[in-house]
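Every read-out reported here was derived from the displayed coordinates using simple, explicitly stated rules and does not represent laboratory data. Computed from a predicted model, the values in this text were never measured in an experiment. Please note: Cβ atoms are built from the backbone with ideal geometry, for glycine as well, and neighbour counts cover all protein chains shown.
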Ligand code: HEC
Ligand code: HEC
Ligand code: HEC
């Protein structure tokens, strides 16, 4: 094998590895017109949110429940207010709705909506759920 052939092969391999590793991160999340979020920006940079929203939510919940810290910056209610679809009015009523769209793809199932409202409004918790 010539050095040039070897270099080409190596490049091909490197490209494949990079592409493979980048796919989940670049996970295409094309917005349906209706799913376009409200506002100019998210509560944190989009890239950060894409990767770390679960940690943020868990952290915020723990703070709210254990330490009684009530901030609204990372509240689930906030997510719902900006991310509810214009079509269903919800973040999780149809497969295209924001919180379901990626999760369906990655097979994440959330139980959050057993208790938390999926639509914007005054009540953040569903009827009958005690805070
Ligand atoms: C069994 C019912 C139940 C389930 C399931 C549940 N929660 Fe909660 N959650 C509550 C209650 C009750 C509170 C307290 C609300 C309060 O005191 O304002 C709360 C508070 C929170 C808070 C802090 C307050 C807020 O609105 O931001 C966050 C964040 C949160 N939950 C996220 C989640 C996420 C994410 C999931 C799913 C992974 C989830 N919860 C599943 C009942 C539930
Ligand atoms: C003030 C409105 C607003 C709030 C509140 C908000 N978001 Fe966002 N979010 C946006 C906007 C606007 C974008 C798109 C930004 C862009 O295109 O760069 C976005 C982007 C995202 C993305 C990346 C989506 C993608 O295309 O990859 C995720 C994930 C996300 N938000 C989750 C959340 C979660 C979880 C919460 C609650 C903790 C939340 N957002 C609260 C407005 C909001
Ligand atoms: C850009 C795609 C995308 C969007 C949009 C998105 N998520 Fe996620 N979410 C993911 C991925 C990927 C995971 C799984 C990460 C992992 O496997 O650790 C996840 C995991 C989670 C988890 C942790 C689940 C667990 O079992 O630990 C929570 C909670 C969560 N998302 C909440 C939300 C909420 C609430 C919304 C809507 C406001 C939302 N996500 C929107 C991609 C997304």
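Using the Cβ-Cβ distance between residue 48 and residue 71 with R0 = 25 Å, the FRET efficiency computed as 1/(1 + (r/R0)^6) comes to roughly 0.90. Projecting label points 7 angstrom from Cα along Cα→Cβ for residue 111 and residue 56 puts them 2.5 nm apart.
Going from the fewest other Cβ atoms within 10 Å to the most, the residues 57, 76, 65 appear in the order 65, 57, 76.
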